[in-house]
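Have a look at the structure below, then the notes.
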Amino acid sequence: MWMGKLFSGHIFPYNESEVELETSVHHAFNCFYKSAMISLRNCLELGLVYLYYDRNDDSERIIKTWLSSMESTPFRKAIIAGLNKIGLVSSLNSSVPILQRVNDIYARLSNYVHTAGYRYSASFLNRSNVNRFNEDSLREYTETLSSCVGLLAVLFLCKYPVGLHYTPVDDKFGLNGPVGTFLNPYQVAQIKDVIDPETLLVLEPLCLNNAEAISLAAWVNGRQDITQEELNEQADEMDRDEIRRFGYRTWYENMGSAQSSSDLELNAYFEQRHSKLAAWARENGCYDSGSMPAPPDGSEPP
């Protein structure tokens with residue numbers, strides 16, 4: 001990721017999309033089916049908005065007005081037209097009507113937002129004037145959820161095709177991998193599972209033959225695998241950083257005590273590791289407290 005984007009706020013609609021997805025699922029679990037559909041529509045829209053603003057790779061610049069609430073969210077027609085300017089989206093759309101599918105599900109979910117008659121009301125979805133479980137509505141919701149996630153996955157891969165390449169970032173970088181851009185092989189497999197096979201059949205060669213994606217994947221795969229010693233040092237440094245902030249006692253209460261197992265050998269490893277971290281904390285004056293000030297009520301920091 002270019003450093004100019006890192007703190008630009010361009011990721012905001014993506015993050016909000018993720019929040020809306022989680023909200024939607026919670027609503028559905030509690031039989032608020034209409035609210036679940038509305039949050040799902042927000043999830044879809046915000047995911048598309050993220051891609052829309054980054055369609056020319058300059059989202060860090062052009063999103064600022066919208067981000068500061070000085071510009072309305074683009075309408076569906078404008079978003080879809082913008083997405084079609086992304087090269088691989090246009091290429092895929094010539095074989096698979098991906099943008100028509102986006103338009104259709106966007107329009108259908110919008111009907112719940114605007115309550116387009118009884119069919120799109122809470123009363124219909126619950127078959128009652130109170131919230132209650134309804135198998136048909138839950139099935140409709142899960143199918144719509146699957147479609148939304150699948151469509152967003154396809155569009156994100158069109159914009160960032162390296163996502164379908166083999167990039168074992170954990171093996172190469174350990175705990176200090178690149179911010180964004182790459183997926184681990186197990187994540188690629190998960191992404192493929194949410195895309196319908198016919199679309200994936202067309203999408204995969206488009207992504208795998210993309211020159212920029214090939215170059216990025218080669219950069220990852222050209223690195224040496226991280227050694228176990230390097231990985232251990234990364235883990236120790238991350239814990240030392242937390243101990244500097246909160247103190248060893250608080251760190252151990254929140255993190256260290258959770259590192260236990262029925263595996264005697266693993267427990268012995270953790271005990272040795274904790275002993276070394278405790279000694280380091282005493283030497284550096286952060287055993288009882290760290291640099292983070294205590295809360296006003298005198299309780300321990302979280």
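Values quoted throughout were computed directly from the atomic coordinates according to the rules given, and no laboratory measurement underlies them. Small disclaimer: the values here were computed from a predicted structure and weren't measured. Here the Cβ positions follow ideal geometry from the backbone for every residue, glycine too, while neighbour counts run over all protein chains shown.
Numbers for the structure displayed
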read-out	value
Every pair of residues 6+ apart whose Cβ atoms lie under 6 Å, when the first sits in the range 47-76 and is of a type in the set (A, V, I, L, M, F, W, C) while the second is assigned to a loop (DSSP other than H, G, I, E, B)	Ile63/His10; Leu67/Gly9
Odd one out for Ala78, checked against (1) hydrophobic (A, V, I, L, M, F, W, C); (2) within 18 Å of Lys159 (Cα to Cα); (3) in contact with a Gly (Cβ under 7 Å, 6 or more places away or on another chain)	(3)
When residues of the range 168-184 are limited to those that are closer than 19 Å to Ile214 by Cα and exposed (fewer than 14 other Cβ atoms within 10 Å of the Cβ), the one nearest to the chain's Cα centre (by Cα)	Gly180
Among the residues listed as Tyr120, Tyr112, the single one being among the aromatic types (Phe, Trp, Tyr), crowded, with 18+ Cβ neighbours inside 10 Å and in contact with a His (Cβ under 9 Å, 6 or more places away or on another chain)	Tyr120
Leading residue by the ranking (surrounded by the fewest Cβ atoms within 10 Å (Cβ to Cβ)) among those in the range 22-43 that are touching a helix residue (DSSP H, G or I) at 6+ places or on another chain (Cβ under 6 Å) and of a type in the set (Val, Ile, Thr)	Thr23
Looking only at the range 32-51, and only at residues there that are over 24 Å from Trp66 (Cα atoms) and among the hydroxyl-bearing types (Ser, Thr, Tyr), the one that is nearest to the chain's Cα centre (by Cα)	Ser35
Residues (of a type in the set (Gly, Ala, Ser) and not in a helix (DSSP H, G or I)) located in the range 98-140	Ala116, Gly117, Ser121, Ser128
Number of the exception - Asn56 against (1) under 23 Å from the mean Cα position of the chain (by Cα); (2) surrounded by 19 or more Cβ atoms within 10 Å (Cβ to Cβ)	(2)
From Asn254, Asn267, Asn232, residue being polar (S, T, N, Q) and within 26 Å of the chain's Cα centre (by Cα)	Asn254
Condition met for Leu99 (surrounded by 16 or more Cβ atoms within 10 Å (Cβ to Cβ) and in contact with a Pro (Cβ under 9 Å, 6 or more places away or on another chain))	no
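The rows are residues; the columns are (1) of a type in the set (Ser, Thr, Tyr); (2) within 24 Å of Pro197 (Cα to Cα).
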| residue | (1), (2) |
| --- | --- |
| Ile86 | no, yes |
| Ala116 | no, no |
| Phe124 | no, no |
| Ser128 | yes, no |
